[in-house]
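Asks: Let me begin by handing over the structure; questions about it come next.
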Amino acid sequence: MPHKRKTEVNVLGYRIDSVRKFDECGEVSARWYEVLAPESMLVLGTFTHRVEAEREIVARELGALPRRMV
């Protein structure tokens, strides 16, 4: 069963791809979104909805911000 990948958007250097899986009749049997790392293009996660993928990117970036000691 073949897969088809399409880049949906680039967010803060990360890439979000839409991936569709087809059945024997050529109909879409499954669809999901993958977040790919900025430079390595490694898949960091898979998500049912694009908004979930976008939230993951924002959460990663916020988690990477340096924290100031008070």
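Asks: Placing +1 at every Lys and Arg Cβ and -1 at every Asp and Glu Cβ, with all other atoms neutral, what dipole size does the chain have around its Cα centre, in debye to the nearest 20? Show your work: numbers first, answer last.
Replies: Numbers: 12 positive and 11 negative charges, 51 e Å.
The dipole of the chain has a size of about 240 debye.
Asks: Counting helices only, and only those DSSP H runs with n ≥ 4, report the 222 nm mean residue ellipticity of the chain as the sum of -39,500 (n - 2.57) divided by its residues, in deg cm²/dmol to the nearest 500. Spell out each step's value before the answer.
Replies: On the way: 1 runs with 15 residues, N = 70.
Result for the chain, helices only: -7000 deg cm²/dmol.
Asks: Quick one: net charge of ASN10's neighbours, Cβ under 12 Å, K/R +1, D/E -1?
Replies: Neighbourhood net charge equals -2.
Asks: Residue by residue through the range 30-41, which ³J(HN,Hα) values in whole Hz follow from phi under the Karplus form 6.51 cos²θ - 1.76 cosθ + 1.60 (θ = phi - 60°), with glycine and proline marked x?
Replies: Each residue's phi maps through the Karplus curve to give 7, 9, 8, 10, 10, 9, 10, 5, x, 9, 7, 6 Hz.
Asks: Which whole-number percent is the relative contact order of the chain (Cα, under 8 Å, 6+ apart)? Display every interim value, and only then the final one.
Replies: Values: 112 pairs, mean separation 15.6, N = 70.
Relative contact order, the chain: 22 percent.
Just so you know, all these numbers are worked out from the coordinates, no wet-lab data involved. Everything numeric here is computed off the predicted structure, so don't read it as measured data. Backbone-built Cβ (ideal geometry, glycine too); neighbour counts: all protein chains shown.
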